[in-house]
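The values are calculated or read from the model by the stated rules, or taken from the named source; none is laboratory data. Every value quoted in this text rests on a predicted model; they were computed, and no experiment measured them. Note: ideal-geometry Cβ built from the backbone for every residue, glycine included; neighbour counts use all protein chains shown.
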Amino acid sequence: MIKYIAWDFDGTLADSRPLIRAGMSHALGVLGLPDSVATKWLSCVGLPVEEGIIETFTPLGLRIEDVIKAYRSYPYSEHLDLIRPFDGIEILLRELQNRGIKMSLATSKRRAPLERELKRFHWESFFDIYVTPDDIQSPKPNPESLINIINHFKCTPEQIMMIGDTTYDLLMAQNAGVPSIAVTYGFHTRDQLMHTTQPIAMVNSVKDLSDILGAYVP
């Protein structure tokens, strides 16, 4: 029986696509590149920002530091309203908390913006621990984040469920020996998720996710 849950944040709990997409469009404009490059860039969401930039722009011959500078020049703090929780997620988090399920975050979002969003949503009390790229040596799909969470809870890999929207989340879970659930309403498509790993379930909505979790958590 599952006693613990590890969540991804962007694309799983919160719809951050509008803000991420705006930042990408801004950076591409600064760099004089077509907006079509964002398609490849978006497929790297789930990795730390720097890793996604390296994967997207190294083949284009751009200096990584120039891309990072352009991306970070977007006024994110002025557009935080573009990030919103997915409908029904807060209700699900509260239900799980009330049932005694201990929860955590294994995210590629940096610690400072993550803490800002948790505070803005009043979600701090839902999570016992969160692991960001600032806390580890090897990011997703390396299992280090989940191993840290497992050690924190002193549980076995079979007792914790990873829930995420990207192949990086699912591969991290696979590498840690942790069961996973894939959500298809985030950044990666059903085909991407299906052909990379074998999650125990794949869901299209928060309601479907709630129904599936009901079969696995006490």
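Would you be able to tell me the number of residues in the range 16-41 that are under 27 Å from LEU92 (Cα atoms) and either surrounded by fewer than 19 Cβ atoms within 10 Å (Cβ to Cβ) or in contact with a helix residue (DSSP H, G or I) (Cβ under 6 Å, 6 or more places away or on another chain) (or both)?
Result for the range 16-41: 4.
Condition first: more than 15 Å from PHE9 (Cβ to Cβ), crowded, with 24+ Cβ neighbours inside 10 Å and within 12 Å of the chain's Cα centre (by Cα). Now tell me which residues in the range 146-192 satisfy that.
Residues satisfying the conditions are LEU170, ALA182.
Hey, any hits in the range 163-183 for a residue that's of a type in the set (D, E, K, R), under 17 Å from ASP87 (Cα atoms) and assigned by TED's automatic domain parsing to the domain that holds PRO141?
Within the range 163-183, one or more residues are of a type in the set (D, E, K, R), under 17 Å from ASP87 (Cα atoms) and assigned by TED's automatic domain parsing to the domain that holds PRO141.
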